[in-house]
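Structure first, commentary second.
Each reported figure results from applying straightforward, stated rules to the coordinates on display, with no laboratory input. Here the structure is a predicted model, which means the values were calculated and not measured. Here the Cβ positions follow ideal geometry from the backbone for every residue, glycine too, while neighbour counts run over all protein chains shown.
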Amino acid sequence: MKSQKFTLSLLTLIFGCYAFGQNATNELPVSIEKEFSIHKNVQQHTNAIFDSLVKIRRDFHSYPEVSEQEKRTSKKVAAYLESLGLEVKINIGGYGVVGILNTGKIGKRIAWRADIDAIASDIPDVVDFKSKNAGVRHICGHDVHTTIGLGIANVLASQKENLTGTVYFIFQPAEEIFKGAKAMIDDGLFDIINPDEIYGLHMSPSPTGVISTKSENIYAHRAKIEVAYKNSINKDAAIKYTKELISKLQTYEPKSEFWDDRNILNPELGVENPNTIYKDYIAVRSDFHIDQSDDELKISTVIDASHMNKLNSFLESIKTEIGHSNFSKDLLSVEFSFVLEANKSPMNDKVLTNETMNSISNIYGEQSVIPMFGVAPGQFGDDFTFFQKHTPGVYFFLGGSNYEKGIISMSHTPNFQVDEECIKTGVNYFSSMIIERLNN
């Protein structure tokens, strides 16, 4: 209802301004009228297919499949895309599927990515449509991601005559093990498609009806930091000194509010506040590991960094401190390495981030889009970053919580569940966004 009121008020404003300049003509310019009617069509079509999308999502949830075993899910996705009249490619990089919606008119080429795999988990399901595959659950929301991808394909296929260009729907396997995106690319994905831009989403614990993102990295950079000394060093003293040094150089003290994950969405402290505590930080995220050989003593731990420059400056600070210590002559190296290559967080294109956030906000209201000013620690990332290395794009967070009903969509938690209204939100917002990217 809010989005409809916003659209009507915006139309009134546009009409009033135009009428003033055209001696109060009674008609909207054809281009403006067409632009807003297509988004009304999007909402009407989404409402019409919503119940069927909920059934699809619950089917995926009931039959989850772990990474590299998504045979049934892949088959269901391909059949649905074919029923919409899309050209479909299967078995790309494993059980990857691509649907191609070609309008037959010259225009932009936009890709949408949805991941399809589930997680191994023996914890009982918390919804009525429980997993029927023992030891596997959708507790990261990929069943919702897949359903939204199919819903967008359905909506855009219904508007094909009003669109230009081409839309590619990528249904990616094996995201949970950070292999699927690279496998699809290595298997020739970009020989099949040639997108100008690429987009995708992930569930977040924000309320249903809200999306959020920011330019550049949207996850913390997680890296292993390792300090190596000659093995001739005083081992106990070097270990104690290095542990204390790394701990001292991190941004927050152990008792800081930073370490309470409940503050990530805190209005005063969280990532959606311009003064968030979750920016410009380095945080030690694991115990220290000691590795000795005949030649070397290595001391390592895992850290999260809000930005790459923070990671680099942290490294230089450690080198400088040790260089002025009693251990300088025995220092061999100070290095960091990403825990997994895909832990280099998805990096959102600045221009596309601003343009897409603005377009969704203009159509569905300012309350629909919340900008992020920081990144949460303690999270890994998404191999969506491999696609972004080929094609610029944006990765969004989609709220799925309903606090009044006790539904919290915090991924990878035992009680993970979603308010299924978020499916409607995702299909509406991102169908309209893609239309704007294609036609404008």
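This ranking places 259, 112 by how few other beta-carbon atoms lie within 10 Å of each, fewest first, which gives 259, 112. Let me know the longest stretch in the chain that avoids all trypsin sites (Lys or Arg not before Pro) found in a DSSP loop with at most 14 other C-beta atoms within 10 Å. Answer from the scan: 256-440. Its residue count N fixes a reference of 2.2 N^0.38 Å for region 36-86, and the Cα radius of gyration divided by that reference is 1.43. Look at 261, 295 and count the other Cβ atoms within 10 Å of each Cβ; fewest to most, that gives 295, 261.
Angle of helix 235-249 to the longest C-alpha principal axis of the chain, folded into 0 to 90 degrees and rounded to 10: 40°. Across all directions, the average flat footprint of the convex hull enclosing the Cα atoms of region 250-362 is 10.2 nm². Here the dipole of region 192-342 is about 320 debye; that uses its Cα centre as origin and unit charges on the Cβ of Lys and Arg (positive) and Asp and Glu (negative).
Which of the three applies to region 85-213, rounded, prolate or oblate, going by the alpha-carbon gyration tensor with a ≥ b ≥ c and a/c under 1.5 meaning rounded? Since a/c reaches 1.5 and a/b is larger than b/c, the shape of region 85-213 is classed as prolate. Can you tell me the orientation of helix 350-364 relative to the chain, as the angle in degrees between its alpha-carbon axis and the longest Cα principal axis, to the nearest 10? The angle comes out at about 40 degrees. In loop segments of region 238-305 as defined by DSSP, the GluC sites (Glu not before Pro) with at most 12 further C-beta atoms inside 10 Å of their C-beta are 268. Quick check: net charge around residue 206, other residues with Cβ under 12 Å of its Cβ, Lys/Arg +1 and Asp/Glu -1? Here the charged neighbours net out to -2.
Relative contact order (percent) for the chain, with alpha-carbon contacts under 8 angstrom and 6 or more residues of separation?
Contact order relative to length: 23 percent.
Only DSSP H runs of four or more residues enter the estimate; each adds -39500 (n - 2.57), and after division by the residues of the chain the mean residue ellipticity at 222 nm equals -12500 deg cm²/dmol.
Helix 71-83 and the longest principal axis of the C-alpha atoms of the chain enclose an angle of approximately 30°.
Cross-link partners of residue 108 among lysines, defined as those whose alpha carbon lies under 26 angstrom from its own and excluding same-chain residues fewer than eight positions apart: 34, 40, 89, 160, 182, 214, 350, 389, 424.
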